[in-house]
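Structure first, commentary second.
Here, each number is a calculation from the coordinates, and none is a lab measurement. It should be emphasised that the depicted structure is a prediction, and the values quoted were computed from it without experimental measurement. Virtual Cβ from ideal backbone geometry, glycine too; neighbours counted across all protein chains shown.
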Amino acid sequence: MKAFTYLSPKTVEEAIDFHGQHSETAKYMGGGTDVIVKLKDGWMEPDFLISLKKIKILNELHKNDATGELSIGAMVTHATLEKSLMIQKEYPIIHDAVSNIGSLQVRNVGTIGGNLINAVPSADGAIPLIALDGTALLEGPGGERSVEVKDLFVGPYKTILNPGEILKKITIPPQAPHTGSAYIKFGRRAAMELPLVGIGVLLTLDKNCKICTRARICLGVAAPTPMRAYDAEKWLTGKQIDEATLIEAGNIAADESKVRDSVRGKAWHRKEMIRVQVKRMGLKCLEMIKNNK
Ligand SMILES: Cc1cc2nc3c(=O)[nH]c(=O)nc-3n(C[C@H](O)[C@H](O)[C@H](O)COP(=O)(O)OP(=O)(O)OC[C@H]3O[C@@H](n4cnc5c(N)ncnc54)[C@H](O)[C@@H]3O)c2cc1C
């Protein structure tokens, strides 16, 4: 591994400043679970590694009870989200996704921000944040800007971030009553496995718990970037949801996915799993809504 200088700024401004001084040869690091592997394998050779760990505001997880908005700092680890009772109770789709990432060791240091900015199609953390209509707050040399999480990704390992930009936090708008959400990472093993496909479903029903007013169907490893199955969402919205409507939503989502063969699995298998799991996750959402009525 090539030698590098390790920098540990205490504020976002200081981090951006360090990056500005060494822009061509500097790299930000969150928990380092992706960065360290790349350093060791020689895929990345920065002269300066800027750790974001000591920047306090990036480590904050907070729900504003007055507005209902959830704010997740980019440096919040998967383990922190997994253990949070508030996340378990109010955002089950986040809990489903982060609690199956890698291993306990990976979850203890890996961050939600690193998961998004690494930008692989299999990023488990991306799916729930897209389903929950999350917004990413970025800051760089040009100031702050916000983008919807779904628009962060350009392609494998590519995001819309400009050089020197830092992901500061993700905010989730208040969730409507009668909402259920669930994620499944479908893989060959229970642990230390990237998903063959990842399927997240969120459903909101009207006040009588009959008609679907909002549907989100989000897929991982179904395209070069995490994607929303807009046609399937449209199919569900405005309808009374039952097993038959969810089966059809699964068929539509499978058809609009852009799955491919890869070393980890075949396209036809991925499609079948989308078909089946959209229905299963949808039924899980209905069950949650019924139990919380
Ligand atoms: C053994 C193993 C198993 C894994 N299993 C899974 C899995 O099941 N599911 C899954 O989704 N992932 C998995 N991963 C991948 C990885 O652990 C996660 O993507 C993790 O969330 C990355 O977070 P990090 O903080 O470690 O990122 P880092 O390695 O620190 O950074 C990743 C990238 O993001 C950039 N970055 C980090 N934070 C910021 C920020 N705030 N602003 C701007 N840029 C930033 C870095 O420069 C780098 O390019 C696994 C990794 C390993 C090693």
Within the bounds of segment 56-71, is there any residue that is in contact with a strand residue (DSSP E or B) (Cβ under 9 Å, 6 or more places away or on another chain) and within 27 Å of residue 193 (Cβ to Cβ)? yes
Quick one: would you say residue 131 is crowded, with 17+ Cβ neighbours inside 10 Å, in contact (Cβ under 8 Å) with a residue 60 or more places away in the chain, hydrophobic (A, V, I, L, M, F, W, C) and in contact with a helix residue (DSSP H, G or I) (Cβ under 7 Å, 6 or more places away or on another chain)? yes
Residue ranges of helices (runs of 4 or more DSSP H) in segment 206-293 with at least 3 members in contact with a Ser or Thr (Cβ under 7 Å, 6 or more places away or on another chain): 267-292
Would you list the strands (runs of 3 or more DSSP E) that sit entirely within segment 73-173 and hold 1 or more residues that are within 14 Å of the ligand (Cβ to nearest atom) and of a type in the set (Val, Ile, Thr)? 143-148, 153-155, 166-172
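Each row is one residue, and each column tells you yes or no for (1) in contact (Cβ under 8 Å) with a residue 60 or more places away in the chain; (2) surrounded by fewer than 16 Cβ atoms within 10 Å (Cβ to Cβ).
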residue: 12; (1), (2): yes, no
residue: 47; (1), (2): no, yes
residue: 61; (1), (2): no, no
residue: 79; (1), (2): no, no
residue: 82; (1), (2): no, no
residue: 86; (1), (2): no, yes
Has segment 198-208 got at least one residue that is over 16 Å from the mean Cα position of the chain (by Cα) and within 16 Å of the ligand (Cβ to nearest atom)? no
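Table: residues versus (1) under 23 Å from residue 154 (Cα atoms); (2) in contact with a helix residue (DSSP H, G or I) (Cβ under 8 Å, 6 or more places away or on another chain).
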residue	(1), (2)
208	no, no
212	no, yes
216	yes, yes
220	yes, yes
226	yes, yes
269	no, no
Is there a residue being more than 21 Å from the chain's Cα centre (by Cα) and surrounded by 19 or more Cβ atoms within 10 Å (Cβ to Cβ) anywhere in segment 219-228? no
When every residue in segment 113-164 that is under 18 Å from residue 195 (Cβ atoms) and of a type in the set (S, T, N, Q) is compared, the one nearest to the chain's Cα centre (by Cα) is 115
Working only within segment 1-37, note down all residues that are within 8 Å of the ligand (Cβ to nearest atom), in a helix (DSSP H, G or I) and out of contact with any strand residue (DSSP E or B) (no Cβ under 6 Å at 6 or more places or on another chain). 36, 37
Enumeration of residues in segment 14-27 that are within 10 Å of residue 163 (Cβ to Cβ), among the small types (Gly, Ala, Ser) and in contact (Cβ under 8 Å) with a residue 60 or more places away in the chain: 20, 23
Against the condition in contact (Cβ under 8 Å) with a residue 40 or more places away in the chain and surrounded by 17 or more Cβ atoms within 10 Å (Cβ to Cβ), how does residue 152 come out, does it pass? no
Going by the structure shown, is residue 185 assigned to a strand (DSSP E or B), under 30 Å from residue 209 (Cα atoms) and under 16 Å from the mean Cα position of the chain (by Cα)? yes
